[in-house]
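The values are calculated or read from the model by the stated rules, or taken from the named source; none is laboratory data. Just so you know, these numbers come straight off a predicted model, no measurement behind them. Don't worry about glycine lacking a Cβ; one is built from the backbone with ideal geometry, like all the others, and counts go over all protein chains shown.
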Amino acid sequence: MGYERSISAPEHAQTPETVWKLEMPRIRFGRDAVEELDFQFEDLGVEPGSHGLLVTDETLLGLGHAERVREQLGEYELDVYDGVEREPSIAAIEDCISFVRDERGEAGYDFYVGLGGGSCIDTAKTTRAVIANGGQPLDYVAEPTGKGESITESGPPLVLMPTTAGTGAEISPVAILSVEEKGIKEGISSDHIRADAAVLDPTLTTTLPPEQTAKTAMDALGHAIEGYTTHSYDSLLRAEDPATRPVYAGRTPVTEMFSEKAIHLLSSNVRRAVHNGDDLEARENMLQGALMGAISGLTAGATLCHAMAYPVGNRYHTYHGETIAALTPASTLGYNAASDPERFADLAQLFGVDTTGLNTREAADALKEEYIQLQRDLNVIPSGLAELAGIDEDDIGWLATQTVETQQRLLRCNPRPVTEADVEGIFREALYNWE
Ligand SMILES: [Fe+2]
């Protein structure tokens, strides 16, 4: 069965899973979809005159995107919280929660809108969840960092609008927050934290600078590739209770289909979107690719690469997408390729690699080369962890220990068993993807 729960699970639970599910927010996609935001709220049953909160940051306020949202919600009262910080800490999210309690008391707002990259979106998701369920964010973070309480209430309607094509946070059942005093990143995961609707409008993404476009695209590709190469749902153990089935539950025929399309869209449009940000067709394809990658990777489950990225991001404050970019060749495309060579050969073809005459091993190697070439073509991606954050040999031991000790949620999704020594070797290789 190749899955660690099989070792410790009671005998009666050692049967393979036979059921998969796909839970998604309502999705509205396309150019000027933002102009249907009022209808989206009406469709969710929000009465005119209701009082809502827009969660965003100062940059997006300055770019005029928040004003576009406000114009569409003229029938409602709308407060704005623009204090979101990048890769938000617990304290930053608590600040947003305090804002809500100060303005509206424990009951909070009638509806919430999150506008921005993953940080704005995760702040909006966590704020609504904590207001609806009470307490503070750490109550819902897994033990031993938090109290490990369950989120049981979804709360009032939440609509999310991404301004990057990458994180997939607008459809995911997870919010990421950094626990600064422990130097780690944690996720709050629950189907109840997921938004009610996601409105994806490529015209909101054209203002994203080339560097951010490239980095978020690498995150999106990571979701698509990791979703394509993780365990199949029926190689995992059957959930004892439908309510406790994990949110990352393995790949299914449906997530696989989304990965295939996502990998094609992202790999064939990212150069255009990075080098010409006003190319709306490329932006639209990237946003669709990122959405599809997220539907796959954030349902099936991200794997080793994401597990290794969190300790790096937390210690060195690197962007999530550039960390994924640095780690993908050695982890997903290197170490994990041995888990299923034929699948990686198929992945190479999806990526546009000509695999004629190559055996599966050679095809997987060619895929890794193509992926690195793509990064080099984008001109803004660091050549590895050394350039990304000055990481060197002396840092590897700590990073590997942190990965193994804090990221079991993701590591148990990895298609190939991994030891701390393996992780050290992968970090070492990821120092330099090219010279
Ligand atoms: Fe990610």
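Structure summary
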quantity: Identity of the residue in region 129-156, closer than 11 Å to ILE93 by Cβ and in contact with a Pro (Cβ under 9 Å, 6 or more places away or on another chain), that ends up surrounded by the fewest Cβ atoms within 10 Å (Cβ to Cβ); calculated: ALA129
quantity: Cβ-Cβ under 7 Å pairs, at least 6 apart or on other chains, region 196-211 side within 16 Å of ARG68 (Cα to Cα), far side polar (S, T, N, Q); calculated: VAL199/GLN40; LEU204/THR163; THR205/THR163; THR205/THR164
quantity: Residue among ALA66, ALA91, ALA124 that alone is more than 27 Å from THR205 (Cα to Cα), away from the ligand (no atom under 16 Å from the Cβ) and touching a residue at least 24 places away in the same chain (Cβ under 8 Å); calculated: ALA91
quantity: Subset tally (residues that are within 21 Å of the chain's Cα centre (by Cα) and small (Gly, Ala, Ser)) for region 387-411; calculated: 0
quantity: Exclusive hit being under 29 Å from PRO48 (Cβ atoms) and either free of Cβ contacts under 8 Å to residues at least 60 places away in the same chain or part of a strand (DSSP E or B) (or both), set GLU143, GLU153, GLU149; calculated: GLU153
quantity: Odd one out for SER232, checked against (1) outside the structural domain of VAL380 (by TED's automatic domain parsing); (2) more than 16 Å from the ligand (Cβ to nearest atom); (3) of a type in the set (Ser, Thr, Tyr); calculated: (1)
quantity: Unique match (being buried (at least 18 other Cβ atoms within 10 Å of the Cβ), aliphatic (A, V, I, L, M), farther than 20 Å from GLY293 by Cβ and at pLDDT 95 or above) among ALA386, ALA400, ALA325; calculated: ALA400
quantity: Failed condition for ALA309, given (1) within 16 Å of the ligand (Cβ to nearest atom); (2) touching a residue at least 40 places away in the same chain (Cβ under 8 Å); calculated: (2)
quantity: Lone unmet requirement of (1) among the aliphatic types (A, V, I, L, M); (2) crowded, with 18+ Cβ neighbours inside 10 Å; (3) farther than 25 Å from ARG272 by Cβ for ALA421; calculated: (2)
